[in-house]
Amino acid sequence: MAIGSTVKIAFEPELVDRSKAGEVNMKMEFCAPAAKKAYWCACEIQVRSPLSLSHDVFLDKVGMRVGILSPSKKSIQKQVKLFSTPSISTNDYLVTVTTYLYDDEGAIEERHDTSEVIRCGVQNVTAKPQ
């Protein structure tokens, strides 16, 4: 039975400044609009160097408990921080979220991958007129 779950991913800011170390909020919304019963939702987040899921050591993969999706609660929002080094090159970097929905017996009912690109470049800063 296909539940049709989805994950919407957004980054804030949308562009990582390559000239300095920084952090980006990755906002995720997990949705199961066709859920007829409750499902436990968990995910794995994977990034590639020079992005990291930890500020002080390189961490490319992490698991996260999301919560229970049900007919009365069809979406859950979560946030995670991504970190970059100051020597990051101007490029696009792929972030992958693998979502798992578990049924009441603990078996995986649905699994899917969602990928989104985060851009790294130079921030355009306009000076205020004096």
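Applying the set (1) of a type in the set (A, V, I, L, M); (2) within 17 Å of residue 121 (Cα to Cα); (3) at pLDDT 95 or above to residue 45 leaves exactly one unmet item: (2). Checking each residue in the stretch 9-40 for being under 17 Å from residue 113 (Cα atoms), of a type outside the set (Val, Ile, Thr) and within 14 Å of the chain's Cα centre (by Cα) picks out 10, 26, 27, 28, 29, 30, 31.
Condition check ((1) more than 15 Å from residue 96 (Cβ to Cβ); (2) surrounded by fewer than 14 Cβ atoms within 10 Å (Cβ to Cβ)) across all residues:
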{"residue": "16", "(1), (2)": "yes, no"}
{"residue": "30", "(1), (2)": "no, no"}
{"residue": "38", "(1), (2)": "yes, no"}
{"residue": "41", "(1), (2)": "yes, no"}
{"residue": "49", "(1), (2)": "no, yes"}
{"residue": "60", "(1), (2)": "no, yes"}
{"residue": "65", "(1), (2)": "yes, yes"}
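Going by the structure shown, is residue 76 surrounded by 14 or more Cβ atoms within 10 Å (Cβ to Cβ), closer than 12 Å to residue 7 by Cα and among the β-branched types (Val, Ile, Thr)? Judged against the criteria, residue 76 is a match. Before we move on, is residue 11 in contact (Cβ under 8 Å) with a residue 24 or more places away in the chain, in a strand (DSSP E or B) and within 15 Å of residue 110 (Cα to Cα)? Here the answer is no, as residue 11 does not meet what is asked.
The values are calculated or read from the model by the stated rules, or taken from the named source; none is laboratory data. Just so it is clear, the model here is predicted, and its values are computed rather than measured. All Cβ positions, even for glycine, are placed from backbone atoms using ideal geometry, and neighbour counts span all protein chains on display.
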